[in-house]
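For reference, the structure is listed below as structure tokens.
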Amino acid sequence: MALYFKQISIIILLTFMSSYAAAQDKILKLDVEGAKYDSLFIYDFREVPNRCKIRGVNQSSNVWIFTIPDSIYRSLPEFEIIPNTFDFETNTSSRIRFISTINNDSCFTDLLNFQDDETHIKAKYYKTVNYDSLRFYIQLPNKEYKAHVIGKMNMDYFTVTCDSTSDLYIRMLEPYYSKFLDVKDQEYDYHGFLEHYLALAKKFPSSRYLLVNLATNLDNYRSVKDVELIYSTLSDKYKQTDFGKNIQRYLRNTFKNNQLYSLQNELEPIIKDSTKYNLVVFSASWCGPCHKQIPYLKEIYNKLKEKIEITYISLDKEETMSNWKELLQKEQIPWRSLFAADKIDYIEKEYYVKAIPLTILVAPSMSKVILDIRKNEDRDKLFGMIR
């Protein structure tokens, strides 16, 4: 019996040690040659509650050490290194940008998301550029709301030399992966971007950056097949992370029929009649582009109301719910409207809502497709599927 308990104790200890080893904090060493800072921070600019801000420890005149808890690292898509948080007295933002020459092209990135084995960045100060009259959308001190503030930015540029397989290199090569932004004037259409992203996935299949950016920009892709094409090209190295699992859930392509509160303050399922197609529209009172798509929604409703159900999901918080109700009255909206209310963070994550308006067409099988009904081709696609 004593031997049995001893064996159990050893197993428990080994399990604990294994879990501890797997959950070790991440250490980032940053060498900023030629620059002297009083402070440096890892800063997460996502629009989420309790965003992370990690102060670096100055190890020597140029070297800073950042300790990132594994729990944060697992769910943090990207971050910036900044000297100071926003200065509300002078309305000044301070940033750091990394630059390098790749294939005779000047490349840069403000954001980082290093691989597990990428823990040391050597950078050399190059120059500082001051930008004036910029508009910042920020959280005001001691306020629950955000505001547009006119201010300036001090951008410190650092040159870096990095391995051609590192995520820092890949990010500088393509800083907007899966965002479909033609910042380099390549004149890509959607399919051109798709081919470009697929080529990068084939060249760098073990990149954490590529997988994370795919996971956080799923709403930019026009079909599940396009996402699956890129995902299947990437290696299995990071597919069991939170980001990999998020993509896997997306690829299952099943609309989850949550319950939300109606205008009458009653819980209702988003999809009430699953025998029809359902057009689920994420919107808000403060969203200008959402207002501009109302005529297109009315056109769809008037032509297909016997075959389709339209449901608004408002992302308005409690303080602007009355504005949403006024909008519905003013526009004489005939279709259902539900509130995400205190579930906004959950709803945005569940349905991959990164920007609004977002429109999802749900088939009777509960499979889904994202449409932008402001575009002629997407409206034609909708009418073609339902007629």
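The values are calculated or read from the model by the stated rules, or taken from the named source; none is laboratory data. Values in this document were obtained by computation on a predicted structure and should not be read as measured data. Cβ: placed from backbone, ideal geometry, glycine included. Neighbour counts: every protein chain shown. Quick note on the areas: whole protein, heavy atoms, side chains included, nothing else; ligands and nucleic acids left out. Shrake-Rupley method; radii C 1.70, N 1.55, O 1.52, S 1.80 Å.
Points to keep in mind about this one:
- Inclusion of V369 among residues that are of a type in the set (V, I, T) and within 18 Å of L304 (Cβ to Cβ) is warranted.
- Test: K276 is open to solvent by 30 Å² or more (accessible area, probe 1.4 Å) and either in contact with a strand residue (DSSP E or B) (Cβ under 8 Å, 6 or more places away or on another chain) or among the aromatic types (F, W, Y) (or both): yes
- Within segment 91-101, the residues that satisfy the criterion of being of a type in the set (V, I, T) and either at positive phi or open to solvent by 20 Å² or more (accessible area, probe 1.4 Å) (or both) are I99, T101.
The rows are residues; the columns are (1) β-branched (V, I, T); (2) more than 30 Å from I247 (Cα to Cα).
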position: P77; (1), (2): no, no
position: E89; (1), (2): no, yes
position: S93; (1), (2): no, yes
position: F108; (1), (2): no, no
position: N113; (1), (2): no, no
position: H120; (1), (2): no, no
position: K124; (1), (2): no, yes
position: V129; (1), (2): yes, yes
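- Whichever residue in segment 191-242 is among the polar types (S, T, N, Q) and without any contact (Cβ under 8 Å) to a residue 24 or more places away in the chain and, among such residues, is least open to solvent (accessible area, probe 1.4 Å): S232
- Condition met for E187 (open to solvent by 80 Å² or more (accessible area, probe 1.4 Å), of a type in the set (D, E, K, R), over 18 Å from Y352 (Cβ atoms) and at pLDDT below 90): yes
- Condition check for R135: within 30 Å of K26 (Cα to Cα), open to solvent by 70 Å² or more (accessible area, probe 1.4 Å) and at pLDDT below 90: no
- Condition met for I333 (at pLDDT 90 or above and open to solvent by less than 20 Å² (accessible area, probe 1.4 Å)): no
- Any chance N278 is outside any strand (DSSP E or B) and either out of contact with any Gly (no Cβ under 8 Å at 6 or more places or on another chain) or in contact (Cβ under 8 Å) with a residue 24 or more places away in the chain (or both): no
- Meets criteria (over 19 Å from the mean Cα position of the chain (by Cα), assigned to a loop (DSSP other than H, G, I, E, B) and free of Cβ contacts under 8 Å to residues at least 12 places away in the same chain) for N265: yes
- Residues located in segment 163-172, provided they are open to solvent by less than 40 Å² (accessible area, probe 1.4 Å) and either farther than 14 Å from L198 by Cα or small (G, A, S) (or both): S166, D167, L168, Y169, R171, M172
- Exactly one residue out of L198, L173, L168 is among the hydrophobic types (A, V, I, L, M, F, W, C) and more than 17 Å from T101 (Cβ to Cβ): that is L198.
- For segment 322-330, the criterion of being surrounded by 14 or more Cβ atoms within 10 Å (Cβ to Cβ) and part of a loop (DSSP other than H, G, I, E, B) is satisfied by no residue at all.
- Among the residues of segment 240-281, the ones that are of a type in the set (G, A, S) and within 18 Å of I347 (Cβ to Cβ) come to 1 in all.
- Residue that is farthest from the chain's Cα centre (by Cα) [pool: residues in segment 162-220 that are of a type in the set (D, E, K, R) and under 17 Å from N113 (Cβ atoms)]: D163
- For segment 243-258, a residue qualifies if it is open to solvent by 80 Å² or more (accessible area, probe 1.4 Å) and modelled with pLDDT under 90, and the qualifying residues are R252, T254, K256.
- Of the set (1) in contact with a helix residue (DSSP H, G or I) (Cβ under 7 Å, 6 or more places away or on another chain); (2) touching a residue at least 60 places away in the same chain (Cβ under 8 Å); (3) assigned to a helix (DSSP H, G or I), all apply to I247 but (2).
- Considering segment 171-184, the residues that are at pLDDT 90 or above and among the charged types (D, E, K, R) include one that is farthest from R208 (Cα to Cα), namely K179.
- Whichever residue in segment 152-165 is of a type outside the set (S, T, Y) and modelled with pLDDT of 90 or more and, among such residues, is nearest to I102 (Cα to Cα): V160
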